[in-house]
Amino acid sequence: MLPDGTAVIAAAGDDGSMSWWDAATGMALEGSAVGSTDPVLSLAPVLMPASRGRIYGPLASLAGRTVLAAGDAGGTVRLWDPVDRVPLPPLFRRHGRPVVSLTPVDFVDQPPWEGTDLVAVYDDLLVDVWSSAAVHGRPSTGVPGIGQLAAVGHRRITTAAVSPRRMGYRRPLLLADRNGTVSMWETFGVRLGDPLPPDPAHRDITAIAALPGPGDGITVVTASHADSSLRAWLPASGSATLMSLDVRPRCLIAVDDILIVGHDDGLLALSIDKGTR
């Protein structure tokens, strides 16, 4: 999002470059730059706090702006400014650990926690959380730890999602493992409730999404490309339902109470309670 309210679309190339378009007109914006020689694997919007005093010094000029975070195959996470469309210096690096997923957790409804917690996962048991309001500029040390994650059944965390509803202190983070385990956490490392264990009929998880659920709860959905299935979990009750598909799902996007399934042949829109739309 540009300061004048213009929405932009960014796409990453295999060479580490970024291209930009005006979302309303579809017109390409001038400027293309390379941030890394490694392919970009994950992108996420990051809201910077409105107060310059709450931002790590070199990023203070971005106060109140939405910027783009990119994670690459070499383990680097960096920000891009959509105004001048050039990469900023790396936020942090995990050499040799591909950043397979970046997930933003926004706190604009909870002053003074305005800004974004950016969650990075690496296809193993490492999770990083960086806050745009981190005045020291470093990732948090109070995150779900490797031992905590292994203890609940995680082996290779591949993707993450954020609850559409606040549960207690703020909106929790959901971590999905390739083996089907799903757990729910505060970004500062406190686990919320019991995890969802694996299901032998729902393997090789490729995506996760969270939608509003019954009452004040949520519905968490994971996708298995290998088994052509979705699994819907209600954390409040612990119940889970396996749903077979005629397509192989690769990605999930929650739009209010509708689930968009990206698969090998296109898109599918589902209402978990009402069937296909």
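Details
- Each peptide in 17-24, 172-179 was scored by the mean count of other Cβ atoms within 10 Å over its residues; highest first, the order is 172-179, 17-24.
- If R0 equals 35 Å, the separation of the Cβ atoms of residue 236 and residue 51 corresponds to a calculated FRET efficiency of about 0.45.
- Under-5 Å amide H pairs with residue 140, H placed in peptide plane, nonlocal only: 129, 130, 131
- Gaussian network model of the chain, springs between alpha carbon atoms under 10 Å - residue of 28, 226, 63 with greatest fluctuation: 28
- Quotient of C-alpha Rg and 2.2 N^0.38 Å, computed over the chain: 0.99
- Taking other C-beta atoms within 10 angstrom as a stand-in for reagent exposure, 154, 225 fall in the order 225, 154, fewest first.
- Its Cα gyration tensor gives segment 1-137 an equivalent ellipsoid; the semi-axes, largest first and in whole Å, are 21, 21, 13.
- Cα gyration tensor, segment 125-179 - rounded (a/c under 1.5), prolate or oblate: oblate
- Extension gain (nm, one decimal) between residue 243 and residue 61, 0.36 nm per residue minus Cα-Cα: 60.8 nm
- Packing, taken as the mean count of other beta carbons within 10 Å per residue, orders the peptides 47-53, 88-94 from highest to lowest as 47-53, 88-94.
- Taking the convex hull of the alpha carbon positions in segment 144-277 and averaging its projected area over all directions gives 7.5 nm².
- Extension gain from residue 146 to residue 15, taking 0.36 nm per residue of separation minus the Cα-Cα distance: 44.0 nm
- Structural descriptor for the chain: relative contact order 9 percent, calculated from alpha carbon pairs under 8 angstrom and at least 6 residues apart.
- Taking label points 7 Å from Cα along the Cα-to-Cβ direction, residue 22 and residue 272 give a separation of 3.9 nm.
Readers should treat all values here as calculations from the given coordinates under stated rules, not as data from a laboratory. These figures come from a predicted structure and were not determined experimentally. Reconstructed Cβ throughout: ideal geometry from the backbone, glycine too, with neighbour counts over all protein chains shown.
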